[in-house]
Amino acid sequence: MVRTDIDGVKCDYLSQKTWIFEHLTVSSDFCSGNLAHAESDDGTQLDLRTCADMQETPHSTNYRTWFHYSVSGAKKDETIVMCISNLNPQAKMYNQGLKPVYRVGAKGKWERLNTEVTHSCGENKNFQIKFRFR
């Protein structure tokens, strides 16, 4: 199946890919997916990097505030550490309690993450957040 946008143009974006690590599959290969890269050394920590909006298209911007991806294959009661980088500096929002939302399964209810979310800003204003998910 070929994905197309509302005008019937083929959707083939840098932000939409799938990675497989050990028993985990990380995917942003769906219409609103946004991840440029994923890495994992041991299958328990995921290092994820976002794309700029519409990266590598004529409509590219420098906005890197959002991310949307799925993780499948996690074992029951397994804790996965996720570090998401290449975000615009958004420390004020995270200082005020912003946390990612998630759902389990296609019909699950969206919920706010109930674990601590830490954030830091490295070289070149490379903002990142880190959290544990179980």
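Within segment 78-97, the set of residues being open to solvent by 60 Å² or more (accessible area, probe 1.4 Å) and not polar (S, T, N, Q) comprises P89, K92, M93. Filtered by the rule that a residue be more than 14 Å from the chain's Cα centre (by Cα) and closer than 18 Å to N62 by Cα, segment 115-132 gives C121, G122, E123, N124, K125, N126. Taking the criterion of being open to solvent by less than 50 Å² (accessible area, probe 1.4 Å) and over 17 Å from the mean Cα position of the chain (by Cα), the only residue of segment 104-114 that qualifies is G108.
The values are calculated or read from the model by the stated rules, or taken from the named source; none is laboratory data. All values derive from a computational prediction rather than experimental measurement. Ligands, DNA and RNA are stripped out before the accessible areas are found, and what is left, the full protein with its side chains, is counted by its heavy atoms. Shrake-Rupley method; radii C 1.70, N 1.55, O 1.52, S 1.80 Å.
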